[in-house]
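Take a look at the structure below.
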Amino acid sequence: MAMTDTAPRTLVSGSVRAESAVKRLDAVLIAAVLALSGIGLVMVYAASRDSLLAVGADPGLYLKKQIIFMTFGLVAAAAAVRLDYRSFLERMPLAFVVLVIALLGLFLVPAKNGAHGWYQLGLFQLQPAEFGKIVVIGCLAAYGAAQRNQLDLRRFTFFLTIAGLPTALVFLQPDLGTALVYLSIVLVMAWLAGAQGKHILGLVAAGIATAWLMIRFGVLKEYQIKRLTSFIDASASAQDAAYNVFQSKIAIGAGGVTGQGLFQGTQTRGSWVPARHTDFIFSVVGEQLGFAGGILVVLLFAIICWRIWRAAVVARDPEGMLLCVGVLGLFVFQIFENIGMTMGIMPVTGIPLPFLTYGGSSTITAFFAIGLVLNVAASRFR
Amino acid sequence: MNTQQRLRVIGVIVVVLIAALAGRLGILQTVESADAKRQAARNIFDTEPIEPTRGRILDRSGRVLVDNLPLNVVRIDRKKLKKADRVRTLSRLSALLDVPYYLLERRLDDNAGGEFSPREVARGVKESVSIELAEHPERYPGVAIGSAWQRVYPNGNIAAHVLGYVGKVTAEELARQPLALGYARADFIGKTGVERAFERELRGEPGAELITKDRLSRVVDREVTKEPVPGKDVRLTIDLDLQKLLEETLVQTERAARQNVDADNPAVFVKATSSAGVVFEPNTGEVLAMASHPTYDPREFVPSITQERYDELFKGEEKASPLTNRATFGLYPPGSTFKPFTAVAGLRAGMITTQTVVDDQGEFVREDLCKRRVKCRWQNAGKAALGITDLRKSLRVSSDVYYYEIGNKFDDLSKAKENGIQQLAREMGLGKPTNIRLPDERAGAVPDEAYRKKLTSLYGRKKFPNDNWFTGDTINVSIGQGEVLTSPLGLARGYATLINGGTVVDAKIDLEIRDRAIGGAVATAGDASTGAGAKPPATTSTLAPVNPSTTANPAAPTSVAGPTVPAPSTTTVAATELIVGAVGAPDLGIPPGTTLPPIDAKPTVENHLDFNENDLSVILAGLEDVTSAEGGTAVSAFEGFPFDKCRVGGKTGTAQRTGKQDTALFVGFGPLPNPKYVVALVVEEGGFGRQAGAGVRRVFEGLCGLPVNPVRSVTGGGAEF
């Protein structure tokens, strides 16, 4: 793996190279992502049509919007495949500044549902924190590759500081879930960049201590604590987060092996499970498609993770490898947290399930991240 | 650790995490699936009971005495009302229902009788309330609108003691009821009277409804899984018009009695604190009317009564326990009304004949007892000397001395006790329950030595120190004093035994239990067998007045026919036809033209005695003299009564009670020669028995289709009692 490529770089590589790259793209990864996206579209429709009908809206409204998002996502993925990821990484400092400004700017727009999460652009909402995941991955990949295997405490601290600023801003929105996604990205990338085990452990210990202090001194809102602890005993009360998890588990359990059937199922159709087309979409899969559908989704995610991991293994340079591992951390944490939450083994946080959850910013981000991985995997043949 | 190794660690962690997801998914959707399916069903399905419509209570011709009014109720299911929503929801409800917040809260938190069933917080709510609750379930979590009924009394408080009232089932009742009856804590149950005695028939069976809901508790679907079976109607033996007449009469009799002065203390007026009366069919045992005064209004118990109101209405000495049905629960010494039983006992034992005469000098003395310095003198009231007295006269003038002589003979003949007065009185039904199907009957007592010993052993020597039977005790019993106790109903039944020729019949309050759904052509099936007498009463708007010479109904069952009395009519319908009195268009509870099914009027016979026909006729003659012959104790009460149209006999009783004014009693029967009615009337602290006779007279005016006059205050006559 060449560590010192001095050739001049442009952001988008030439068309001839792109053509050859297309032939080298990971077909397995693409197939898995497309299959999941297809399932996602059907489930978004299944999850939303009843509520939309109930308020007299077009039952296909969210489906149509999600198709648009996925189209944008495919375009973003194609762009990610075509660009030169090393020159892309070189532009990360600028992207970082833009991200921080965008996150700071959020505090100037009035809060919605108690959070400063997005910019309203016409019909669509722009969530900087979603795109920020890529920026954080990019920044850490660039710095990590440069300082690889020499991450002493000072460099490790700087490494953390890069990620820490946006993470803190996201946390203050407040969006605890996405902040945790950032943290998991930091952890996995620091590990791969050669951080010492004791530093990593120290970071984890510091995180726990901070969490304890925040709970102790009331920085976390009561509902946030409730959400985080609800998975410990979800059936204890029919209140709020715990109640939602309780109903979600009932939905998935009621699906059984073969499911209640697509567009069937009292739990997800009768509004017992909340946020069905977003955070709790896996409950809809579980109830309507059963274990057969649920395990298929988990398998497809497993394939995606495997292919991302493989891309990291075969990456021709540390930048590519770190990029892939960052995306892997992003996906694995989101998958495990989101699906785990619907089954009551993880706390309740508002984290999207890649390719399934309805939403523009998260869908485009996920596709773009896959594009980067495809790019890295294809670049080794260069 | 080099980079490749670090990558491998990441790979392992990823595999572990994804395997954990797959494993959890597998467990959730196989092992835990059945449980989750149940939970899911519980989420959306709710079973709600459908209250059956309670049966109505009808009078004997089908007029409605107790009906149901369907209404809406508001219930709160506490399982579904979250703590966080509680204050907001109750505040909204309070405004919507116009019920104070604290009251809603109290009803919601009322835990008596089980924690889990929904609480009823309001009933009889307006339609607008129902609509608001149905349209905005999200504003009222856990609140549901349901249907219920409540009792209505088209005739006000008429027959309150017979009908009784319903109330919410109590924890105690729930614990006592077999679970199979399936009462929930919001259910109503009969508390007293017919409502309680016929609870099983009246209630019906609750149905069930399966309700499908979404998360916001909006009802998506309703499906009746079990139809409720409505309660059956109970048709009583009571005649509404006669009942009204009797109740008015009680009030009038008390009022008239209060114009008299107390015989023992001329400085005070008679108190007449309370009274009770019964109209009894002597052959069938049917209770045609039964009243107790003071009374209460069952409407006070609808839908329920507060403790404060209950205390206000019913507590306190001066209120004289208006909830008590004195006709069955009140026990009174019968006094002189007991004399015919002593006479029959004396005749049966051969101690007297109808010809036996006693020279009544106003006093009976036992010299031997005087020497022993115990009570040895028994006097007539006012020590009146009534002269030469035979059996017939003894009844007319109510000579005590005559009966002291009989009592004294039984007292001497200690070995003949088994053939004594008490034995005979019990054989005729006194001191025994009439087995009327009402929850509050007391049997009374005819005391003897065994009775005293039983009381002492049951309740202790402290309360009943006297467990021996002494010389002289039987003398007291002979005139219905000395611990002899009977309810007005029991007394009427005792006279019925005398009049119907010796058959002790059970008292009856119900004619028929009928399905409400049954209308139209029900009755055809059994018509032929009941004979000519079975004319449907409901179709006749005016009932024929009594004809004293009515011939007996030929369709009498043989079991009742006594040897000395002409066969009595036993078809109740025939009896109904004889009931007249306060008319007025019957408010029929059944559609016009409906034929009431024939009633099996066979009475339940407890015992039968064979009386000597001659003896009985002398006794009846003596009793007829009481009202209508010179010197009869009730002649003043029956002054001007048209005996040519309706012959009525009877017996006065003026019973002494320690610490109280005398109890006035009268038992009348008629129309002779084949009496269809026995009327017993008791006025507590009412003075002379003849005043009660004045009340009975008025009832017979109604029974015989005569002009009904107000009850007069019967003064004069001095020594009569």
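Derivation of every value follows stated rules applied to the coordinates shown; laboratory data play no part. Since we're looking at a predicted model, the values are computed, not measured. Every residue, glycine among them, receives a Cβ derived from its backbone with ideal geometry; neighbour counts consider all protein chains shown.
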Checklist line | Virtual spin-label span in nm between B:Arg139 and B:Arg373, 7 Å along Cα→Cβ | finding: 9.0
Check: For helix A:61-82, what angle does its Cα long axis make with the longest principal axis of chain A, in degrees from 0 to 90 and rounded to 10?
Finding: 10
Check: Under a straight-distance cross-link criterion of Cα-Cα below 28 Å, which lysines are reachable from B:Lys453, leaving out those fewer than 8 residues away in the same chain?
Finding: B:Lys339, B:Lys371, B:Lys375, B:Lys409, B:Lys415, B:Lys417, B:Lys432, B:Lys462, B:Lys463, B:Lys660
Next item on the list: Set the Förster distance to 35 Å, then compute FRET efficiency between A:Ala78 and A:Asn149 from the Cβ-Cβ distance, nearest 0.05.
Entry: 0.55
Next item on the list: Using a Förster distance of 35 angstrom, determine the FRET efficiency expected from the C-beta separation of B:Leu71 and A:Ala57, and round it to 0.05.
Entry: 0.30
Notebook entry, point to check: Given the C-alpha centroids of the stretch A:107-144 and the stretch B:688-702, what is the distance between them in whole angstrom?
Noted result: 100
Next item on the list: Using only Cα atoms, find the angle between the long axis of helix A:27-54 and the longest principal axis of chain A, and express it within 0 to 90 degrees, rounded to the nearest 10.
Entry: 30
Item checked: Full-stretch length increase - B:Asp311, B:Ile131 - with 0.36 nm per residue and alpha-carbon distance subtracted -> 61.1 nm
Notebook entry, point to check: When you look at the Cβ of every residue in A:336-343, what mean number of other chain Cβ atoms sits within 10 Å?
Noted result: 4
Next item on the list: Please label the shape of the stretch B:251-402 as rounded, prolate or oblate, based on the square roots a ≥ b ≥ c of the eigenvalues of the alpha-carbon gyration tensor (a/c under 1.5 means rounded; beyond that, a/b larger than b/c means prolate, else oblate).
Entry: prolate
Next item on the list: Provide a whole-number value for the mean count of partner chain Cβ atoms within 10 Å of the Cβ atoms in peptide A:253-262.
Entry: 5
Note to self: Within the stretch B:299-324, list the residues whose amide N lies under 20 Å from a label point set 7 Å along Cα→Cβ of B:Asn265.
What the structure shows: B:317-320
Next item on the list: Grab the beta carbon distance between B:Ala385 and B:Asp515, set R0 = 56 Å, and tell me the FRET efficiency rounded to 0.05.
Entry: 0.30
Checklist line | Full-extension gain in nm, A:Arg91 to A:Thr71, via 0.36 nm per residue minus C-alpha separation | finding: 4.7 nm
Check: Each label point is 7 Å from the Cα along the Cα-to-Cβ direction; what then is the distance between the points at B:Thr604 and B:Val365, in nm?
Finding: 5.2
Next item on the list: Determine, at each q value in 0.15, 0.19 (inverse angstroms), the log₁₀ of I(q)/I(0) that the Debye formula gives when each Cα of the stretch B:370-484 is one equal point scatterer.
Entry: -0.80, -1.13
Checklist line | Cα long-axis angle, helix A:153-171 against chain A (0 to 90 degrees, to the nearest 10) | finding: 40
Check: Which value in nm describes the separation of the simple spin-label points at A:Gln125 and A:Lys112, placed 7 Å from the Cα toward the beta carbon?
Finding: 0.5
